[in-house]
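Input: a single structure, listed below in structure tokens.
The values are calculated or read from the model by the stated rules, or taken from the named source; none is laboratory data. Nothing here was measured: the structure is a model prediction, and the numbers come from that model. Don't worry about glycine lacking a Cβ; one is built from the backbone with ideal geometry, like all the others, and counts go over all protein chains shown. To get the accessible areas, we keep the full protein, side chains included, count just its heavy atoms, and leave off ligands, DNA and RNA. Shrake-Rupley method; radii C 1.70, N 1.55, O 1.52, S 1.80 Å.
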Amino acid sequence: MGIIINKEENIFSLNTTNTSYVFAVDNEGLIRSLYWGNKIKNIEDFYITKLEEVSTNDPVYEITPEEFPVCGGLRYKEHCLKVNFNDGTRELKYKYIGYSVVNNSLLIKLRDEHYDLEINLHYIIHEKYDLIERYVTLRNNTDTSIEVEKIYSGQFHIPYENLNFRNVHGHWGAEQQMFTQKVGYGKIYIENRRGISTHNHNPYFILDKDAKETSGEVFFGALKLSGNFSGIVEQTPYGETLVQLGINPHDFALELKAGEEFKTPAIIAGYTNEGFEKMSHNLHNYGKNELMRDGLRDVLYNSWEATEFKVSCEEQIKLARKAKELGAELFVVDDGWFGERDGIDNGLGDWYVNERKFPKGLNQLIDEVKSMSMKFGIWFEPEMVNPKSKLYKDHPDWIYNFKTREADTSRGQYVLNLSKDEVKEFVYNTLDNMLSTYDIDYIKWDANRPISQSDVRRDIWYKHIQNLYDIVRKLKEKHKNVYFEACASGGGRIDYGSLEVFDDFWTSDNTDAYDRLKIQDSYSYIYPIKAMRAWVTDCPNFLSKRNIPLRFRFHSAMMGTLGIGCNILKYTKEEEEIAKELIDEYKSIRHIIQEGDFYRLENTSSNDYYLYQYLKEDEAVVFAFLPQSKIGHRGTRVKLRGLEENKKYKVEYLNQVIEKTGEYLMNYGLDIKLSGDYSSCIVRLSRTLNY
Ligand code: GLA
């Protein structure tokens, strides 16, 4: 049973396969966190101590590890909720009203002592993934509006000091740069204020007690929100660490009218004492099985890096034919197909087919693509408009702009005020119309600048993204077979909010195969590989100017859902052969890559090898990369993971075939020696039947 309740003591225990999360209503009526860790089946073992104030300066409210601290009373700590009542009262005092359980969900009902404002704490257990999901709803049963100044989705308590905090930093072209820092006294604050997700921090926390890849305690949580989030990690003076995540209170305020309800984004959180690998597996499996659509992702060709804005039907057809010849299954025409779009300054918002580029219409290209049994995809940037566009001329009031200011442009464009109903309707209708008129299988949904001059209403930061989710959900409901890729100047929209709605992430505009190894490695801590689009592109790379052999570039991109972004019309015969061979190989292993378990393997060499494994039932694949061969040219010995000790595996790599037991492969490992710069190899393993 997932939810166990001690009714007399008001103790609630949320149990997954291996973990327990326990809290209680204490003698003060506060919802107090009791435990988060390995499973403790017997709820009777838990009891609530009476907390005494440490001093008048450390009152009980301040020292209680609350599940959902509100702003009010003798609380000076970080809170999750601050509201202003219309009579000027600017604090809350909640009391516990009761609970309800439906299947795997628990609802804890709180209400303000004086005002009829419900604060409902929702918990959902994802038992087999060892995950707990939390969110909060507020319901205003009074007859006047209430202003919500801050609302987070929850607070977690970890009964340790000196933890390590992990997140990513970065910027455009350098997303997902993982960092670790010690948590000391004071607060760590991560956030996004841009409206359109971010390349900087990511909405999650990982806190570990000196954990390693396969051992040690890890507490983690990820917020299901694209857009403005913030998170606080604090080691308190009372010997514990707390974490909060939610909507960024920066420039935020929400009017909750009489009778209205508001729901926060959820946090999906977990605990493991088996290190980062287990954390990743739990989150990946949840993402793959519960949020993402079934089935394998296609090998994609995208023409952006080949043609940029110089799109012509004729050339796109040539690219599509070559892409098919090489093995691509989905052809995506990127930016530049619409309006008067010849560069970044023109055309966004005018989503009609450019007749100069497609004199016989878009169907000429689509028909050709379909006649080759390929799927067809197309690029959109629906939230944006260029000042030089028909849309802006017709609706200058549809953008975010303060009337007394000149509107800000970035990449030559404005952001449409998607929080307005008519704009939301326009975006939906535009895409619905395109999907109804043309045989489109895939939409790459881009967003290339942040929001500024938001609106007089301070809830737009949140409303913008909710409306975007609504549009995509509604489109998917009507056009069931269409897949949506989330892109925002590369990897600016990677989060669990997007994953609930979109199908693919564009991981980064940085397509340098070496840089990607690091980006992909950091990405893999939280997000499933199946959503990670990775392309092979031309050299020298447009960003790094680096030259990397085609095989290494392919291997790096084959670690996710493979895409090709090269100008394949310029491929030599040899490059064509390599591409065909590796696309073919990818198709034969993609079920392991996209659906299997992912392992970050340890490198034991003084050379910097990058080593990764994927495992699905009886089959496994290992990728080995050596970007630079250093002095001594030593190989590495890599221990594999997750195999069956007593079974034998056929191992094919570097022109040899050997047979070894799982026990040997996981303990002794495999000797891999690569040499030269940018060398790489794939190791394939399959369990032999005869053992
Ligand atoms: C963004 C995307 C790219 C490409 C361009 C087109 O930068 O990340 O992949 O689609 O826009 O303008």
Spin-label pair Glu149/Lys570, simplified geometry with 7 Å Cα→Cβ offset, distance in nm | 5.8 nm
Accessible area of Arg600, 1.4 Å probe, to the nearest 10 Å²?
-> 20 Å²
Relative packing of 457-463, 52-58, which averages over residues the other C-beta atoms within 10 Å, highest first | 457-463, 52-58
For the stretch 3-291, the percent of accessible surface on carbon and sulfur atoms (probe 1.4 angstrom, ligands and nucleic acids excluded) is 45 percent
Accessible surface of His169 - all protein chains present, 1.4 Å probe, nearest 10 Å² | 90 Å²
Distance from the stretch 151-183 to the stretch 213-247 (C-alpha centre basis), Å | 7 Å
Cβ-placed point charges (K, R +1; D, E -1), dipole of the stretch 294-347 about Cα centre in debye, nearest 20 = 280 debye
Once amide H atoms are placed 1.01 Å from N in the peptide plane, what residues at a sequence separation of 5 or more from Leu34, or on another chain, have their amide H within under 5 Å of its amide H?
-> Val22, Phe23, Ala24
Cα-Cα longer than 25 Å, checked against Lys310/Lys476; Lys476/Lys570; Lys357/Lys480; Lys288/Lys587; Lys444/Lys587; Lys187/Lys263, kept in input order, equals Lys310/Lys476; Lys476/Lys570; Lys357/Lys480; Lys187/Lys263
Place a +1 charge on the Cβ of each Lys and Arg in the stretch 586-691 and a -1 charge on the Cβ of each Asp and Glu, then give the dipole magnitude about the Cα centre in debye, rounded to the nearest 20.
-> 180 debye
Centre separation in Å (Cα based) which lies between the stretch 446-476 and the stretch 598-668 | 45 Å
Could you give the distance between the Cα centres of the stretch 481-556 and the stretch 43-101, to the whole Å?
-> 43 Å
If the cut-off is 20 Å between C-alpha atoms, which aspartates and glutamates fall inside it for Lys545, apart from same-chain ones fewer than 8 positions away?
-> Glu175, Glu305, Glu308, Asp509, Asp512, Asp515, Glu575, Asp677
Simple SL model, points at 7 angstrom along Cα→Cβ for Arg457 and Asp408; separation in nm is 2.1 nm
What accessible area per residue comes out for the stretch 114-265, rounded to a whole number of Å², with a 1.4 Å probe?
-> 34 Å²
Whole-Hz couplings from phi, Karplus 6.51/-1.76/1.60, listed for the stretch 465-479; x for Gly and Pro = 6, 5, 5, 4, 4, 4, 4, 5, 4, 5, 5, 5, 4, 7, 10
Using +1 on the beta carbon of Lys and Arg, -1 on that of Asp and Glu, and nothing else charged, what's the dipole of the chain about the Cα centre, debye to 20?
-> 1340 debye
Report the paramagnetic label zone for Lys39: residues of the stretch 183-221 whose backbone N is under 18 Å from a point 7 Å from Cα along the Cα-to-Cβ axis.
-> 218
Filtering trypsin sites (Lys or Arg not before Pro) in the stretch 242-281 by DSSP loop and by at most 14 other Cβ atoms within 10 Å leaves Lys257
Ranked order, Thr214, Thr507 - accessible area, probe 1.4 Å, largest first | Thr214, Thr507
Amide proton proximity set for Leu131, modelled H, under 5 Å, gap of 5+ = His126
Given a Förster distance of 56 Å, the FRET efficiency implied by the Cβ-Cβ spacing of Glu340 and Asp608, rounded to the nearest 0.05, works out to 0.70
Taking 7 Å along the Cα-to-C-beta vector as the label spot, tell me the Met372-Lys93 distance in nanometres, rounded to one decimal.
-> 7.2 nm
Determine the share of the stretch 601-690's accessible area contributed by carbon and sulfur atoms, expressed in whole percent, with a 1.4 angstrom probe.
-> 41 percent
PRE reach from Tyr47 (point 7 Å along Cα→Cβ): which of the stretch 1-38 fall under 14 Å by backbone N?
-> 9
Near Lys278, which aspartates and glutamates are there with a Cα under 12 Å away, not counting those fewer than 8 places off in the same chain?
-> Asp130, Glu213, Glu217, Asp597
State the percentage of accessible surface on the stretch 300-598 attributable to carbon and sulfur atoms; use a 1.4 Å probe and exclude ligands, DNA and RNA.
-> 46 percent
Reachable aspartates and glutamates from Lys93, Cα under 17 Å, same-chain residues fewer than 8 places away excluded?
-> Asp26, Glu28, Glu62, Glu66, Glu67, Glu78, Asp112, Glu113, Asp116, Glu118, Glu147, Glu149
When the label point is put 7 Å from the Cα of Arg637 along its Cα-to-beta-carbon vector, which residues of the stretch 655-672 have a backbone N closer than 17 Å?
-> 660-672
